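The values are calculated or read from the model by the stated rules, or taken from the named source; none is laboratory data. Nothing here was measured: the structure is a model prediction, and the numbers come from that model. Cβ sites come from the backbone with ideal geometry, for glycine too, and all protein chains shown count toward neighbours. Just so you know, the surface numbers come from the protein's heavy atoms only, side chains and all, with ligands and any DNA or RNA stripped out. Shrake-Rupley method; radii C 1.70, N 1.55, O 1.52, S 1.80 Å.
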Amino acid sequence: MRIDVITIFPEMFAGVLSTSILRIAREKNKLQVELTDLRDFTTDRHRSVDDRPFGGGPGMVLKVEPVAKAVREVRVRKPGAPGRLLLMCPQGRVFDQAFARELAAEPRLLLVAPRYEGYDERIVEILKPERVSIGDYVLTGGELPAMVVIDAVARLLPGVLGDEQSAEWESFSPAGQGLLEYPQYTRPAEFEGRAVPEVLLSGDHAKVEAWRREQARKRTADFRPDLLE
Ligand code: ADE
């Protein structure tokens, strides 16, 4: 998969893209991420990408021209599928595992990570991106949301995770059924007087499975009853 990101802070992505699973996915060429600096598409001396809002009000607004130019240029740079265009913004469709799975099936994505109080609405009218929110809170920009989308999508790409942790396996796990994960334990079997649940040491796979299913259901009922509805 190829993911293009349009941002004024490409440097924010370096740590995330060059660590752990994402680094390996890129090295194995399962994932290709191209960062494009929005300021390269400005024409004025100050390389400004924002301006004051018409009608007044606080803050600055992301300009339409550099975004339109950047999106078009990125599409031309790698012709073929135009790619699904996603605009990170708190008013968007809320990103969840089903959305991640949908995006992981695409050959190409183009993420726009805005900054400032807002963006010129003509970005949406002209380029028709899908707005994506990572949750009901407001961040200082779309860069972290873009990284969240990249991370969640990358781990679903074939060959990115090992067989053991493969995303395919996930569809049989509580998470795949919309439940929270069951609790896990590893050695030592006892720590500061607290022992691991007996059943996990029993070697009885059917019993372990039943216990985990029950725990997953209970946790979901306690913490996220909305998921059971
Ligand atoms: N930009 C600022 N907050 C955001 C959010 N919650 N989701 C996506 N983009 C954002």
- Restricting the search to the range 198-227, which residues are in contact (Cβ under 8 Å) with a residue 24 or more places away in the chain, under 15 Å from Gly178 (Cβ atoms) and part of a helix (DSSP H, G or I)? Arg213, Ala216, Arg217, Arg219, Thr220, Phe223, Leu227
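Condition first: outside any loop (DSSP other than H, G, I, E, B) and either under 30 Å from Leu156 (Cβ atoms) or of a type in the set (Val, Ile, Thr) (or both). Can you find one or more residues in the range 178-196 that meet it?
We begin by selecting, within the range 178-196, every residue outside any loop (DSSP other than H, G, I, E, B); these are 190-191, 194-195.
If we keep only those that are either under 30 Å from Leu156 (Cβ atoms) or of a type in the set (Val, Ile, Thr) (or both) too, we end up with none.
Among the residues of the range 178-196, not one is outside any loop (DSSP other than H, G, I, E, B) and either under 30 Å from Leu156 (Cβ atoms) or of a type in the set (Val, Ile, Thr) (or both), which makes the answer no.
Within the range 150-165, identify whether any single residue is in contact with a Phe, Trp or Tyr (Cβ under 6 Å, 6 or more places away or on another chain) and assigned by TED's automatic domain parsing to the domain that holds Pro82, and answer yes or no.
So far as the range 150-165 goes, no, none of its residues is in contact with a Phe, Trp or Tyr (Cβ under 6 Å, 6 or more places away or on another chain) and assigned by TED's automatic domain parsing to the domain that holds Pro82.
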- Query: If you scan the range 152-162, which residues turn out to be more than 14 Å from the ligand (Cβ to nearest atom) and buried (at least 16 other Cβ atoms within 10 Å of the Cβ)?
  - Reply: Val153, Ala154, Arg155, Leu156, Leu157, Val160, Leu161
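When you scan the range 42-59, how many residues do you find that are open to solvent by 70 Å² or more (accessible area, probe 1.4 Å) and assigned to a loop (DSSP other than H, G, I, E, B)?
Step one: filter the range 42-59 for residues open to solvent by 70 Å² or more (accessible area, probe 1.4 Å), giving 43, 45-47, 51-52, 54-55, 58.
Add one more test, that the residue is assigned to a loop (DSSP other than H, G, I, E, B), and what stays is 43, 45-47, 52, 54-55, 58.
Summing the residues that are open to solvent by 70 Å² or more (accessible area, probe 1.4 Å) and assigned to a loop (DSSP other than H, G, I, E, B) in the range 42-59 gives 8.
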- Among residues belonging to the range 163-189 that are at pLDDT 95 or above and aromatic (Phe, Trp, Tyr), point out the one that is farthest from the ligand (Cβ to nearest atom). Tyr185
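Yes or no, residue by residue, for (1) more than 17 Å from the chain's Cα centre (by Cα); (2) over 23 Å from Asp136 (Cα atoms):
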position: Arg2; (1), (2): no, yes
position: Met12; (1), (2): no, no
position: Asn29; (1), (2): yes, yes
position: Gln32; (1), (2): no, yes
position: Pro90; (1), (2): no, no
- Query: Assuming Gly193 fulfils every condition listed in (1) surrounded by fewer than 12 Cβ atoms within 10 Å (Cβ to Cβ); (2) in contact with a strand residue (DSSP E or B) (Cβ under 8 Å, 6 or more places away or on another chain) apart from one, which condition is it?
  - Reply: (2)
